[in-house]
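Please read the structure below before turning to the comments.
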Amino acid sequence: MSRKRVAILISGRGSNMAALIEAAKEKNFPAEIVLVLSNRPDAGGLDIARAAGIATVVVDHKTYGKDRVSFDGAMQSVLEQNRIELICLAGFMRLLTTPFVERWDGRMINIHPALLPAFKGLDTHQRARDAGVKVHGATVHFVVPEMDGGAIIMQGAVAVRADDSAQTLAARVLTVEHQIYPQALKLVAEGRVKIVDGRSLIDGKPVPDTASLIPSA
Ligand code: GRF
């Protein structure tokens, strides 16, 4: 089995990155994390990646000012140098240009801390609290030019408790993120997920109920 060469793009603490690295240690895992790329030199996840023996690169967006095209071009060069086949965005906090996203169409996935299409964008946990929703969660999806808009691969849900703060809710959602992201990467790396009419099919069928996760905790 040839394992897919994966880059994880981060901006911060990298707990989802760490979950992917951990999962990929399993010998039959279909993907190998070969590169962690950060747009911030101080991202905490860089230390975790280095400690795991994974190559790290910083492409500092500040160097490029408002020039997103050059920034994305610099990242593209690094990805090509490392012969990357799949990208996982994991708390990567930069908007990507449409040409970059289109170049990686079907080969770039993201984790978003909400049950998409609800709560796209930032501050999802506070907004879920404010909206009074009873179920919240996380989504792994393909990346398309529209932010948080691509085909859904996997979701995990948590119950929202009356006494939840945005922080306590975020912590429970994060636990779910760490479970669904490796599972979704596995499916994509195995080539089992295809996008048809904007929706993901797994092995040619709609995403099965059992692929989603509703933990009791
Ligand atoms: C996660 O909640 C992820 O869903 C969102 O940003 C956060 C990143 O956390 N996109 P971490 O860096 O993976 O710990």
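The values are calculated or read from the model by the stated rules, or taken from the named source; none is laboratory data. Since we're looking at a predicted model, the values are computed, not measured. Using ideal geometry, Cβ is built from the backbone for each residue, glycine included, and neighbour counts are taken over all protein chains shown.
Would you call LEU20 within 18 Å of GLN81 (Cα to Cα) and buried (at least 18 other Cβ atoms within 10 Å of the Cβ)?
Working: within 18 Å of GLN81 (Cα to Cα): no; buried (at least 18 other Cβ atoms within 10 Å of the Cβ): yes.
No: the conditions fail for LEU20.
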Exercise. Can you name the condition, by its number, that GLY91 falls short on among (1) at pLDDT 95 or above; (2) part of a loop (DSSP other than H, G, I, E, B); (3) away from the ligand (no atom under 15 Å from the Cβ); (4) under 25 Å from GLU190 (Cα atoms)?
Worked result: (3)
Problem set entry | The lone exception for ARG50 - which of (1) away from the ligand (no atom under 13 Å from the Cβ); (2) outside any helix (DSSP H, G or I) it fails | (2)
For this session: Please identify the pairs in which a residue from the stretch 113-128 that is within 12 Å of the ligand (Cβ to nearest atom) has its Cβ atom under 7 Å from the Cβ atom of a residue that is charged (D, E, K, R) and not in a loop (DSSP other than H, G, I, E, B), counting only partners at least 6 apart or on another chain.
Result: PRO113/GLU177; PHE119/ARG127
Problem set entry | MET75 more than 16 Å from the ligand (Cβ to nearest atom), under 18 Å from GLY91 (Cα atoms) and not basic (Lys, Arg) | yes
Exercise. Pairs, please: C-beta under 9 Å, at least 6 apart or cross-chain, first residue part of a loop (DSSP other than H, G, I, E, B) and in the stretch 194-211, second at pLDDT 90 or above and of a type in the set (Ser, Thr, Tyr)?
Worked result: VAL207/SER200
Seminar exercise, completed: Over the stretch 146-193, the set of residues free of Cβ contacts under 8 Å to residues at least 60 places away in the same chain and among the small types (Gly, Ala, Ser) is GLY149, GLY150, ALA151, GLY156, ALA157, ALA159, ALA162, SER165, ALA166, ALA170, ALA171, GLY191
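When only residues in the stretch 19-46 that are more than 12 Å from the chain's Cα centre (by Cα) and part of a helix (DSSP H, G or I) count, which is farthest from VAL176 (Cα to Cα)?
Applying the filter and picking the extreme gives LEU46.
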